[in-house]
Each structure stands twice: as C-alpha cells, then as structure tokens.
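Visitor: So that we are looking at the same thing, I have put the structure below in structure tokens.
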Amino acid sequence: MAPLMLDGLDDYANTGNPRKYHSTAGSQPVPDDTPVDRLWAQLETDGYVILERLFDEQTVQEMRQAVLPWMAPRGGRNPFEGLATRRLYAVIAKTLACNPLVEHPIILALLDRLFEPNYLLSQLQVIDILPGETEQALHFDDSFYSLPRPRPALGAATIMALDDFTPENGATRIIPASHLWADRLPTAEEAASAVPVVMPAGSVVLFTGTLWHGGGGNRSAASRLALTAQYCAPWCRQQENFSLSVPRDVVLQCSEHIRRMLGYSIHAPFMGMVDGMHPKRLLEG
C-alpha cells in the first residue's frame, strides 16, 4: 500500500532537484542464490540472523590493518562503553576500508524489507573488547526513540567479527525473539539465558533495533575486535552527525549507496533538504 500523501506534496518528488538526483535505494545487485526470503523470515521470527563468513580473510585483514592504528590505547569512559573496551568513532572520516560492511548487498536487501527507502546509516564504529572486560548491560539499540513497545524497529545493527567470536572472548549476547516484547526489562532468568553469538571472523550478525543484547565479558587472554554499522529509518535522527564528522572530500570518495546513507538524500517529500534543495547539490562544488 502506498503511503498517504497530502494533496500537492507529491509535486516535490517530480520537480527540480529530486527529479535530477535519483535515489539509488534498492538498486544494489543481490546474487541469485542468496536465500533472502529465508534470512528475512528468521529475522522476523528471532530478531537476528547470522551471515556466516560474509567476508573473506583478505577483507578482514584489510579492515584490521586500517582501523588498529586509530584505536585508543585504553578502554572506554564508562561501564556501558566498557572500561576495558576500546572504541573507534567517526570511522569513515579516518578510513574507507570498512565501507564494504555498510553497503553489503545482502545486508541492504534485508534492510530494504525492514525500513522505508532511503534509510540512513546511524553509526559506524570499531569495538575492541580487551581481556578482563565484564559483560555489558543488556539493552536494545533504538531505545532512544521514545515510542512504546511492541512496535516495528526504528533501527537495526550489524556486528562483523574481525576476530572469531567465542563464548570466552566477549561474543555479543542476544535474547532471541525479545524484539517482540512489550515495554519491560528482561527477567533474571532471561538475562542469564542470553545466547552468545559464536561465529568465525568475517561473519556478520544482523539484528533489529528492538532486540535485547549486550557485549560479552572477555575471559580470554586476547582482545576481541569487531566492526558495527547501525542504521535507522529515514525520518529518525542518526546517532552520529555525519554532516559534521565526514568531510565532503571524503564523501566524494564513497559510493552512491554510502552517500545516500550518510544523509545526502531526500526522504519524500523533502526531509533532508539544504536551503530548499537536494543535499547532493553540495557535492558538486
């Protein structure tokens, strides 16, 4: 069913810059043998889906080599960030090596079913859980959108393993099907039964913003490196202000999909405009 549009508002999609700058939403090619229907069914039922070995070893190593020099030498600022967890923000401003996660066609194919077209990248960061880190508090990512549950997800997240995820080294813990819950906290029993997402390096877990989850404690002798991309509905505010954090000359080096998700796009009829015009005009100098 087409969304309700007040009289005259559809004119914005058919005149001027919106007509010149066509959206690339949904245009990514997906391999014919990709079981998108099955993956989507699992995402709907469980709130998460694991895409095992989505990236090869070479890509994993290229990402590791690109981000590790930028990592802070110490842990985070508070228990939620992790006092023994290193984080890297504003990743795209520092390296484009992680962009393949953001725009992987299978991930976008699933997000195309979850959100309206022209959804946005909300945040991209690197998370390195060091030995001795304790379990992160369970939470759901789009809780800052203060709308009552149960409700459709307004956000979604991917976490890519740059190291193997194991129960001992801080694998993300999830509570399956908790994306369907109403406004309540996990019981002690539910929290204790959270399932670690065990997967080899190069794999990705994708989950809705309404799924209860949290980083695991690291009881191993080595750190656990991961990359996470979070997304939001096209009318929601992003966690990271990419307009300020990513210089335009860097944006110009990104693909059309990345530019769109950074906010150089219009959500009909005119959300995202700059001085009444399409924001991609700013990339033309």
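The values are calculated or read from the model by the stated rules, or taken from the named source; none is laboratory data. All values reported here derive from a predicted model rather than from experimental measurement. Neighbour counts are summed over all protein chains in view; Cβ atoms, including those assigned to glycine, are modelled from backbone coordinates with ideal geometry.
Visitor: So which residues in region 132-148 are in a loop (DSSP other than H, G, I, E, B) and either among the hydroxyl-bearing types (Ser, Thr, Tyr) or exposed (fewer than 15 other Cβ atoms within 10 Å of the Cβ) (or both)?
Guide: Gly132, Thr134, Ala137, Tyr145, Ser146, Leu147, Pro148 - these are the residues of region 132-148 that are in a loop (DSSP other than H, G, I, E, B) and either among the hydroxyl-bearing types (Ser, Thr, Tyr) or exposed (fewer than 15 other Cβ atoms within 10 Å of the Cβ) (or both).
Visitor: If you scan region 69-92, which residues turn out to be of a type in the set (A, V, I, L, M) and either surrounded by fewer than 16 Cβ atoms within 10 Å (Cβ to Cβ) or assigned to a loop (DSSP other than H, G, I, E, B) (or both)?
Guide: Met71, Ala72, Leu83, Ala84, Ala90
Visitor: Could I ask something else about it? Name the one entry in Leu111, Leu130, Leu154 that is touching an Asp or Glu at 6+ places or on another chain (Cβ under 9 Å) and either of a type outside the set (Phe, Trp, Tyr) or free of Cβ contacts under 8 Å to residues at least 12 places away in the same chain (or both).
Guide: Exactly one residue qualifies, and that residue is Leu154.
Visitor: I'd like to know if region 182-190 contains one or more residues that are modelled with pLDDT of 95 or more, within 15 Å of Tyr48 (Cα to Cα) and among the polar types (S, T, N, Q).
Guide: Within region 182-190 (the criterion being modelled with pLDDT of 95 or more, within 15 Å of Tyr48 (Cα to Cα) and among the polar types (S, T, N, Q)), the answer is no, since none of the residues qualifies.
Visitor: Name the pairs whose Cβ atoms lie under 8 Å apart, with the first residue in region 274-285 and in contact (Cβ under 8 Å) with a residue 60 or more places away in the chain and part of a helix (DSSP H, G or I), the second surrounded by 10 or more Cβ atoms within 10 Å (Cβ to Cβ) and hydroxyl-bearing (Ser, Thr, Tyr), and 6 or more positions between them or separate chains?
Guide: Lys280/Tyr21; Lys280/Tyr264; Lys280/Ser265; Arg281/Tyr21
Visitor: Name the residues in region 156-178 that are crowded, with 17+ Cβ neighbours inside 10 Å and more than 30 Å from Asp56 (Cβ to Cβ), would you?
Guide: Scanning region 156-178 gives Ile175, Ser178.
Visitor: From the list Thr59, Thr45, which residue is polar (S, T, N, Q) and either in contact with a Pro (Cβ under 8 Å, 6 or more places away or on another chain) or more than 21 Å from Pro186 (Cβ to Cβ) (or both)?
Guide: Thr59
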